[in-house]
Amino acid sequence: MAGNSFFDVLVIGGGQAGIPLAHALAQKGKRVALAERENLGGSCVNFGCTPTKAAIASAKLAQMARRAREFGLRIPTVEVDFAAVIERARNLALASRRRLEEGFAGSDNPKLLRGQARLAGRAENAFRVAVGAETIIAGQVVLNTGTRSVIPEIEGLREIAFLDAGNWLKRTELPRHLAMIGGGAIGLEMAQFYRRMGSQVTVIESGDQLAGHEDRDVADALQSLLAAEGIAFRLGTSVKRIERREGGITLRLGGDGSAALDVSHVFVAAGRRPNTGDLGLETVGVAMSEHGIVEADERRATSVPGIWVAGDIRGGPQFTHTAWDDYRVLLSQIAGDGKRTTKRIVPYAIFTDPELGRVGLTESQARRGGHAVKIGRFAMKHNGKATEIGESEGFIKVVVDARSHALLGASVLAAEGAELVHCYIDAMNAGASYDVIADAIHIHPTLAEAVQSAVTAIA
Ligand SMILES: Cc1cc2nc3c(=O)[nH]c(=O)nc-3n(C[C@H](O)[C@H](O)[C@H](O)COP(=O)(O)OP(=O)(O)OC[C@H]3O[C@@H](n4cnc5c(N)ncnc54)[C@H](O)[C@@H]3O)c2cc1C
């Protein structure tokens, strides 16, 4: 079984866990291969985090330019060159992917194998895996194959050239009126992006609030801010049917499809589905949930010893930073002391403007969990720096345990909310009570003063 086709570890998928793990395991002396069927960097680099945040930066600049008069400046017209905005985002993604490719250039360990990987049963104490036309043998396998867009079964949807997270970066035509199907993180970020580029945008969400995991007051405030920019919302309704008509598309909404919405384009942001159906997991008996999530314990071990899982396909939070932390867990499990697990505090953000930075429990989760809850709330319009820079929208909401003074969670809907929330993240990781933040000195004038103001407002 020795030779060129044997590897101690095969990583399937060059996503946010797989690439650093392949390099780190090779440095630890393992013979490692990484199989990638498309582009190194996966969702985050090629069409997710990197290009969306680049595009959002263009949208922010356009918005600030439109507000120039408020700051005593004259920018007579703000013209959006949409193709150039997309090209900038594409180039940043490409540069990022190229850096990852350089990391494998001429490298025999870790070795990059190009092609679709599929498990093909066991080979003594190892696994047989087809990668493209080759078959290799791997002592251990790490699955990091990521997700793709859920495409809902809507009559007529597949007959139109809809946009989604996977293809938006290929489209250089600015939609006149975009229907966004889905009011979660991707839907909201992209809705605001297209709106600020100049599209009319309508968000359609089957739930009765946006960002369904958030507290109602936070979600409603975010909706109001987006509505103030001219984004329309249809909540509590879904798309029944899509019809093509002369010069556009008609969406039939509601249970009976009686309400009509005329648009020019449709963007589907209805969730993500694991890329696990074609991985051959059944050939070795890896357990999966009915939605294709690979079942794993807190070490990221699957039901089959020697097969591990990382990133979005293991269920739970689907973020780059959680995938990246899976790499640290797996490095510890495969080539370390085995102490690191996924017992961790997971923060995240919705990168609208203002951003929603989040960590820990929402108020409703904390109450359902039986905590004696106290809330601290602070409106950003009372923060000096926020008013000075003209970004005083939003508020901070801190959830604490009244008895222990433990920080349970925070929602920071504010300019730089995704940055500010790190004050709470670090305090929570340190096990510090909210008094630590209340007693600290924060620099004036900063947005971070509001982080402190919110805990001093706890009542
Ligand atoms: C539009 C969008 C915006 C996002 N923005 C953010 C953000 O701002 N912040 C954040 O934290 N997260 C964001 N995410 C989520 C983030 O991109 C993912 O959580 C992250 O990429 C982790 O993915 P992963 O490592 O599990 O897999 P991926 O990054 O998807 O990588 C999986 C890789 O596996 C390859 N592959 C799949 N099957 C096979 C096979 N059989 N053989 C070989 N290769 C295979 C794929 O080609 C892909 O390269 C965003 C996602 C999207 C879609």
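Every number in this text was worked out from the coordinates using simple rules, so none of it is lab data. Please read these numbers as outputs of a predicted model, since none were measured by experiment. For neighbour counting, all protein chains shown are included, and Cβ atoms are generated from backbone atoms with ideal geometry for every residue, glycine included.
Mean separation of Cα pairs under 8 Å and 6+ residues apart, divided by the residue count of the chain: what relative contact order is that in percent?
Once normalised by length, the contact order is 13 percent.
Mind pulling the angle between the C-alpha long axis of helix 185-197 and the longest principal axis of the chain? Nearest 10 degrees, somewhere in 0 to 90.
Orientation of helix 185-197: about 50 degrees from the principal axis.
Please tell me the relative contact order of segment 157-270 in percent, rounded to the nearest whole number, where contacts are Cα pairs under 8 Å and at least six residues apart. Mind showing how you got there, number by number?
On the way: 218 pairs, mean separation 37.1, N = 114.
Relative contact order for segment 157-270 comes out at 33 percent.
Quick one: length gained pulling E153 to S364 fully straight, 0.36 nm per residue minus the C-alpha distance?
Numbers: separation 211, 0.36 × 211 = 75.96 nm, distance 3.19 nm.
Gain in length upon complete extension: 72.8 nm.
In the chain, what is the count of Lys pairs whose alpha carbons are under 15 Å apart, counting only pairs at least 8 residues apart or on separate chains?
Values: K28/K111; K30/K111; K374/K397; K381/K397.
The result is 4.
Report, in degrees rounded to the nearest 10, the 0 to 90 angle that the Cα long axis of helix 216-228 makes with the longest principal axis of the chain.
70
Would you compute, from DSSP H runs of 4+ residues alone, the mean residue ellipticity of the chain at 222 nm, taking -39500 (n - 2.57) per run and dividing by the full residue count, rounded to the nearest 500? Can you show the working numbers first?
Details: 12 runs with 137 residues, N = 459.
Computed ellipticity for the chain at 222 nm equals -9000 deg cm²/dmol.
Using a 10 Å cut-off on Cβ atoms, rank the peptides 254-262, 92-100 from the highest mean neighbour count down. List each step's numbers first, then the result.
Working: 254-262: 12.3, 92-100: 16.3.
My ranking of the peptides, most packed first, is 92-100, 254-262.
Once you sort the root eigenvalues of the Cα gyration tensor of segment 242-301 as a ≥ b ≥ c, which label holds: rounded (a/c under 1.5), prolate (a/b larger than b/c) or oblate (the other case)? Show your work: numbers first, answer last.
Numbers: a/c = 3.76, a/b = 3.23, b/c = 1.16.
Taking the square roots of the gyration eigenvalues as a ≥ b ≥ c, segment 242-301 is prolate.
Take every Cα pair under 8 Å in segment 331-459 that's 6+ residues apart, average their separations, divide by the length, and report that relative contact order as a whole percent. All intermediate terms of the calculation are to be shown ahead of the outcome.
Values: 258 pairs, mean separation 34.8, N = 129.
Relative contact order, segment 331-459: 27 percent.
Give me the angle, in degrees from 0 to 90, between the Cα long axis of helix 49-66 and the longest principal axis of the Cα atoms of the chain, rounded to the nearest 10.
Taking Cα atoms only, the helix is inclined about 20 degrees.
Need one word for the chain: rounded, prolate or oblate. Basis is the Cα gyration tensor (sqrt eigenvalues a ≥ b ≥ c); a/c below 1.5 gives rounded, then a/b vs b/c decides.
Working: a/c = 1.77, a/b = 1.28, b/c = 1.38.
Taking the square roots of the gyration eigenvalues as a ≥ b ≥ c, the chain is oblate.
Residue-wise, which Karplus ³J(HN,Hα) couplings in Hz belong to segment 250-262, taking 6.51 cos²θ - 1.76 cosθ + 1.60, θ = phi - 60°, and x for glycine or proline?
For segment 250-262, the Karplus curve yields 10, 9, 9, 10, x, x, 9, x, 7, 7, 10, 10, 8 Hz.
Once you have the Cα-Cα distance between A84 and H444, take 0.36 nm times their residue separation minus that, and quote the gain in nm to one decimal. Don't skip to the answer; put the middle values down first.
Values: separation 360, 0.36 × 360 = 129.60 nm, distance 3.82 nm.
Gain on stretching A84 to H444: 125.8 nm.
For W168, W308, what ranking results if the residue with the fewest other Cβ atoms within 10 Å of its Cβ goes first? Mind dumping the intermediate values first?
Numbers: W168 20, W308 27.
Going from least to most buried by this count: W168, W308.
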